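The values are calculated or read from the model by the stated rules, or taken from the named source; none is laboratory data. Keep in mind it's a predicted model, so treat the numbers as computed, not measured. Because the Cβ atoms are built from the backbone with ideal geometry, glycine has one as well, and the counts that use them run over all protein chains shown. Side chains included, ligands, DNA and RNA excluded: accessible areas come from the protein's heavy atoms. Shrake-Rupley method; radii C 1.70, N 1.55, O 1.52, S 1.80 Å.
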Amino acid sequence: MATTKAPASTTASGQDAPRRARTATPVATTLHVLSHRRLPAPVQLPALARLADGTVLAMGGLDAADQSVDSILRLTPGAPRRIGALSAPAHDLGAAGLGNRAYAFGGGTAAGPLADIRSVSRGGTVRSAGRLPAAMSDTGAATIGRTVYVVGGYTTSTPLRSVLAFRLGAPVRDVATLPHALRYAAVAAVGGRLLIAGGTDGVRGRREILSVDPAAHQVKVIARLPQPLSHAGGAALGGRFYVLGGRGDALTAQRAAIWVVDPAHRTLRRAGRLPTALSDIGAVASGDRILVAGGRDRSGTVHDELWTMGAR
């Protein structure tokens with residue numbers, strides 16, 4: 001199993017910093033498919049969020065005809081089923097859980113990106129929770145403590161470098177600047193840091209794996225993917241960051257590889273494969289498992305699988 005070591009770190013301004021000494025790297029956990037279920041319909045780019053009580057919701061996305069959907073699905077507990085609808089069909093939302101509600105940020109529609117922040121209950125009830133500084137889609141999101149962080153994205157014309165912080169009862173604020181614009185990145189939170197893998201700057205895919213310290217307003221490059229990768233799923237499990245599937249710059253360059261990042265040692269290892277090469281999946285950790293929903297394959301087929309992945 002090959003290991004990719006990290007480059008020197010950078011700050012948010014892109015300046016080089018000295019390397020840290022490394023110790024022995026622990027063995028990465030390989031993920032396997034533990035169970036397989038079906039979603040109510042094929043979907044790509046669903047926004048997944050896990051609530052504090054263990055409920056996992058999937059919101060929005062694109063259907064098999066590349067049309068935005070308004071579906072709110074409950075993936076767990078029980079069989080996946082539709083429980084509600086967004087106020088408007090939308091895809092490419094950033095989403096994360098905060099307490100026993102999910103929060104969905106922006107998203108793309110037929111009329112353009114949204115600035116809305118929506119709160120979604122475990123029963124599928126939607127209410128307004130504020131607004132972003134600008135209308136945006138193509139973001140990622142993750143929760144640290146009582147704050148949800150929204151990473152990158154795209155306005156009607158501009159890829160974004162921002163990391164925004166959303167906290168109940170407070171204005172959305174900018175807490176860090178990425179070293180380059182970023183859309184469609186894999187995002188998760190580990191140990192008080194945001195981890196961000198790949199994505200596209202709007203022109204080409206990226207290889208960098210970034211660690212963001214939102215309290216210190218710092219961004220560091222901690223590793224690099226072997227190839228540019230965007231439209232991948234990201235999830236945190238056991239203090240590590242898993243990057244699942246995705247694709248290269250071509251629409252038909254889907255990949256099945258699963259990578260695991262150990263942020264403590266700044267290393268990257270292979271950690272298994274998806275059952276088929278997919279981009280535009282939804283992924284989220286649930287207990288000691290990762291749920292993988294939907295996605296698009298190399299033929300353009302949109303999938304309706306919900307895989308539960310973990311160690312055997």
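Key figures for this structure:
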| quantity | calculated |
| --- | --- |
| Filter pass, residue 304 being more than 16 Å from the chain's Cα centre (by Cα), open to solvent by 30 Å² or more (accessible area, probe 1.4 Å) and either closer than 28 Å to residue 98 by Cβ or in contact (Cβ under 8 Å) with a residue 24 or more places away in the chain (or both) | yes |
| Hey, residue 209 among the β-branched types (Val, Ile, Thr), within 14 Å of residue 29 (Cα to Cα) and assigned to a strand (DSSP E or B) or not | no |
| Cross-chain or 6+ apart pairs with Cβ under 6 Å, segment 270-281 first and on the phi > 0 side of the Ramachandran plot, then aliphatic (A, V, I, L, M) | 272/31; 272/258; 280/45 |
| Residues satisfying the stated conditions in segment 59-69, i.e. loosely packed, with under 15 Cβ neighbours inside 10 Å and within 20 Å of residue 308 (Cα to Cα) | none |
| Residue count for segment 282-301, restricted to those that are in contact (Cβ under 8 Å) with a residue 60 or more places away in the chain, more than 22 Å from residue 240 (Cα to Cα) and open to solvent by 10 Å² or more (accessible area, probe 1.4 Å) | 2 |
| Qualifying residues in segment 86-111 (those that are in contact with an Asp or Glu (Cβ under 8 Å, 6 or more places away or on another chain) and among the polar types (S, T, N, Q)) - the one least open to solvent (accessible area, probe 1.4 Å) | 100 |
| Hey, residue 175 at pLDDT 95 or above, of a type outside the set (Gly, Ala, Ser) and either buried (at least 23 other Cβ atoms within 10 Å of the Cβ) or under 22 Å from residue 48 (Cβ atoms) (or both) or not | no |
| Single residue of 83, 72 found to be in contact with a Gly (Cβ under 7 Å, 6 or more places away or on another chain), free of Cβ contacts under 8 Å to residues at least 60 places away in the same chain and open to solvent by 10 Å² or more (accessible area, probe 1.4 Å) | 83 |
| Qualifying position, being modelled with pLDDT of 95 or more, among the aliphatic types (A, V, I, L, M), within 18 Å of residue 42 (Cα to Cα) and outside any strand (DSSP E or B), among 250, 283, 216, 277 | 277 |
| Evaluation of residue 248 against (1) buried (at least 20 other Cβ atoms within 10 Å of the Cβ); (2) out of contact with any Phe, Trp or Tyr (no Cβ under 7 Å at 6 or more places or on another chain); (3) not β-branched (Val, Ile, Thr) (one fails), failing number | (1) |
| Restricting segment 152-167 to residues that are over 18 Å from residue 208 (Cβ atoms) and of a type in the set (S, T, N, Q), the residue that is surrounded by the most Cβ atoms within 10 Å (Cβ to Cβ) | 155 |
| Residue match in segment 181-199 (condition: more than 25 Å from residue 285 (Cβ to Cβ) and either within 18 Å of the chain's Cα centre (by Cα) or charged (D, E, K, R) (or both)) | yes |
| Meets criteria (under 20 Å from residue 282 (Cβ atoms) and touching a residue at least 24 places away in the same chain (Cβ under 8 Å)) for residue 133 | no |
| Segment 26-39 residues that are more than 14 Å from residue 265 (Cβ to Cβ), paired with ones that are at pLDDT 95 or above and among the polar types (S, T, N, Q) (beta carbon under 9 Å, 6 or more apart) | 33/308; 34/308; 35/308; 36/308; 37/308 |
| From the options 146, 204, residue that is over 26 Å from residue 240 (Cβ atoms) and open to solvent by 20 Å² or more (accessible area, probe 1.4 Å) | 204 |
| Strands (runs of 3 or more DSSP E) fully within segment 114-162 counting 3 or more residues that are of a type outside the set (Val, Ile, Thr) and more than 15 Å from residue 57 (Cβ to Cβ) | 114-121, 126-136 |
